[in-house]
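Here the structure is laid out as structure tokens; the discussion comes afterwards.
What follows draws every value from the coordinates through simple rules; no lab data is involved. Everything quoted here is computed from the prediction, not taken from an experiment. In this analysis, Cβ positions are derived from the backbone assuming ideal geometry, glycine residues included, and neighbour counts consider all displayed protein chains.
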Protein chains: 2
Amino acid sequence: MTVITVVGAGVMGTAITFPAADNGHEVRLVGTYLDESIIESCRDQRWHPRLKRAIPDAVQPMWHTQVGEALRGAEVVVLGVNSRGVHWAAEAIGPHLQPGQIILMVTKGLESGADGRLHLLPDVLAGCLPDAIRDQVYYAAIGGPSIAGELAARRETSVVFVSRSAEILPRVRQLFQTPYYHIWTSTDLVGVEVCVALKNPYALAVGLVAGLLEKQGGADDAGAFMHNPAAALFAQSLAEMAYLVRLLGGGPETVYSLPGAGDLYVTTQGGRNSRMGRLLGLGLPYSEAVEEMPGETVEGVDAVVAIMPAIQQMTDQGIIAVDALPLLRTLHAIITRNREVAFDFNRFFSQLPFNPPV
Amino acid sequence: MTVITVVGAGVMGTAITFPAADNGHEVRLVGTYLDESIIESCRDQRWHPRLKRAIPDAVQPMWHTQVGEALRGAEVVVLGVNSRGVHWAAEAIGPHLQPGQIILMVTKGLESGADGRLHLLPDVLAGCLPDAIRDQVYYAAIGGPSIAGELAARRETSVVFVSRSAEILPRVRQLFQTPYYHIWTSTDLVGVEVCVALKNPYALAVGLVAGLLEKQGGADDAGAFMHNPAAALFAQSLAEMAYLVRLLGGGPETVYSLPGAGDLYVTTQGGRNSRMGRLLGLGLPYSEAVEEMPGETVEGVDAVVAIMPAIQQMTDQGIIAVDALPLLRTLHAIITRNREVAFDFNRFFSQLPFNPPV
């Protein structure tokens, strides 16, 4: 029997236990120190309170103190913590990893490194693991539109599993694919990681327009909404993703398929990033908007804050064009400097082979 | 004073008179023979009944019998008829065109030619014009997310003006750009025309999922919708657009920016294509769904029917890969052969550098 261990019992970590359990694997779900009440509920009532759903019979909920036991004999270790939790997770799993294990990251993100460059999260994780094991395990990640509650409901879900180690991909896909969980594999780690890291901030940006519209009283008498400006932001988001993907060595097809366009689309359909966008679009400064969403992590905010130092340094060094990322910069200014929510549309698409407005 | 003449008084043809009028041009709005009641309302009450908005003072509504007079001295002739009207429009304007005039097409589409190939609508139009004038005028088109009612409400709208004749683009942009109408220019006529032709059918395809969800009673007890499958269709739509764009010689950046992703996004936010998608997703055969939308042109349906003969011939000839366009083929079968609404997700993304599900 194959053992799959998921570290992090949030909605996404738990959702992926559904296809794993449906495939007959032994699945261990380890909460972090923040997940104690979730694990308690999973153990006592077999009920995940945030997914609002019973967990599969094959899933064994475990405390974070049991992480060593949980990793023993696992073929795949799914990392389901949020972006802030990667360093904690590395410390927690590092001493217990065994050679040949595959780390499959649900956790998304890019980080600014001490060297002033952008680092892919699998590389950040690897850097935090003990020297002795770092090169003895495999790293893989998941990109694509996958709302956790829908995956757990066994809705048709299509994703990309990505790894620089092409040889492990067929096996990882085999472990997780089901009639409702469709998995493509790719070696474009850069493309997938850039897209998954940026879809949250860009969905937040698209969501700003909902707030702007509401602020001026909604649709006008003739029924005009603000889908045109939202769509321009959507397109600019993909163009900025494509710029960074190309700069870091990834492929454009990752941007216009599941990891980029698909995931951005799904993320604009609701969720915390959109709600934060609406509040900011309504005119609340970030400090007040945050208070309207107590205790909630807004990944789009975390991601912008995590990557902007490197973006700035790479711009100062001439690696990133000054005018390449106007939407990301606007979003950063809105979040960190209470900048008014407004867009200079004419500065968009400057890196495409179009002639810009004059 | 610059004269701009719009032929076709539907919502989009009329909407573009707003930026033209705001720029101080003399604008003539010529109805087709189907637009008589619209022109009557525009003349008598200065009111466009479908836009539900007063037309600008500078706009002069004219009957289709006045088309010769309307074209006289116009620098730009905007073609605002729907795809079915291109042949009529060519006959109507052909005898009156003057050398040097610019034809700017709002009308979108691809057509199957008698040669079994796909033809861009500007080329179809050119082919229908009298020999003497065909090479004496310029052809341009508009792509990008632009809901007519929002443009007429002077919402921020971002579009691409495209022409093979690069030299006219700065001038056309200058005539129409305003603080709310942002215009990029491009010479990727193939990219833009493929995207604008296909965004309606693909928005209809994404809309099918809303019907599927409703048919099974909406969200489940835990609140799971069907955004994941819709997002996969959205991504596959872009991948199929990208395939055809590349095949016909256009650029991928047109797909992942305003004309492709932006316009597809805006078209999925509502409108007739989405409504037709919902009805079909609910399980109505096309013949019944059509009766639920009496008198309404669903451009996505027209487009699929118009292009599929060429797609089929080009596939038979080995020009188009058999497995390249599964979503378009599924949509065609749903519309023309009452095929059940269901998707073989595993066949998606076959033309990308990903390994497909097995």
Can you find, among A:205, A:257, A:236, the residue sitting farthest towards the positive end of the charge dipole of chain A, where Lys and Arg contribute +1 and Asp and Glu -1 at Cβ? A:257
Theoretical ellipticity at 222 nm over the protein assembly as shown - DSSP helices of four or more residues, -39500 (n - 2.57) apiece, nearest 500: -13500 deg cm²/dmol
Inter-part gap, Cα centre of segment A:85-134 to Cα centre of segment B:178-222, in whole angstrom, is 38
Local net charge near residue A:309, Cβ-Cβ under 12 Å (Lys/Arg +1, Asp/Glu -1): -2
Segment A:243-266 versus segment A:304-346: alpha-carbon centroid distance in Å: 19
Nearest-ten-degree value, helix B:36-45 long axis tilted from longest Cα axis of chain B: 60
Given the options B:18, B:234, B:225, which has the most mean-square fluctuation in a GNM of chain B, springs set between C-alpha atoms less than 10 angstrom apart? B:225
With equal scatterers on the alpha carbons only and no solvent term, can you work out the Debye log10 of I(q)/I(0) for segment A:1-130 at 0.09, 0.10, 0.21 1/Å? -0.24, -0.30, -1.19
About the Cα centre of the protein assembly as shown, what is the dipole size in debye to 20, counting +1 per Lys and Arg Cβ and -1 per Asp and Glu Cβ, all else neutral? 80
Shape metrics for the protein assembly as shown, restricted to C-alpha atoms - Rg then Dmax, Å: 26.4, 86
Counting Lys and Arg as +1 and Asp and Glu as -1, each charge on the Cβ, what is the dipole of chain B about the Cα centre in debye, to the nearest 20? 320
Can you give the angle from 0 to 90° between the axis of helix A:189-215 and the longest principal axis of chain A, with both taken from C-alpha atoms, to the nearest 10? 50
Measure nothing fancy, just the Cα-based angle from helix A:299-316's long axis to the longest principal axis of chain A, in degrees from 0 to 90, nearest 10. 70
Treating the point 7 Å from Cα along Cα-beta-carbon as the label, what are the nm separations from residue B:297 to the other copies, to one decimal? 5.1
Would you mind listing the distances between the residue A:65 label point and the same position in each other copy? Use 7 Å along Cα-to-C-beta, nm, one decimal, shortest first. 9.3
Take the Cα atoms of chain B, find their three principal axes, and give me the spread along each one in whole Å, biggest first. 63, 44, 36
Sticking with the crude label model, points 7 Å out along Cα→Cβ, report the distance from residue A:165 to residue A:290 in nm, one decimal please. 3.8
Exceeding 26 Å between C-alpha atoms, which entries from my cross-link table qualify? They are A:215/B:52; A:52/B:215; A:199/B:199; A:108/A:215. A:108/A:215
Taking the label point 7 Å from Cα along the Cα-Cβ vector, the copy-to-copy distances for residue B:54, listed from shortest in nm with one decimal, are 6.4
Counting DSSP beta bridges in the protein assembly as shown, what percent are antiparallel, to the nearest 5? 25
Using a ≥ b ≥ c from the Cα gyration tensor of segment A:110-229 (square roots of the eigenvalues), is it rounded, prolate or oblate, where a/c under 1.5 gives rounded and otherwise the larger of a/b and b/c decides, a/b for prolate? oblate
Sum up the charges of everything whose Cβ sits under 12 Å from the Cβ of residue A:166, counting Lys and Arg as +1 and Asp and Glu as -1, but leave residue A:166 out. +1
Label-to-label distance, nm, for residues given as residue B:66 and residue A:269 (7 Å Cα→Cβ offset): 4.8
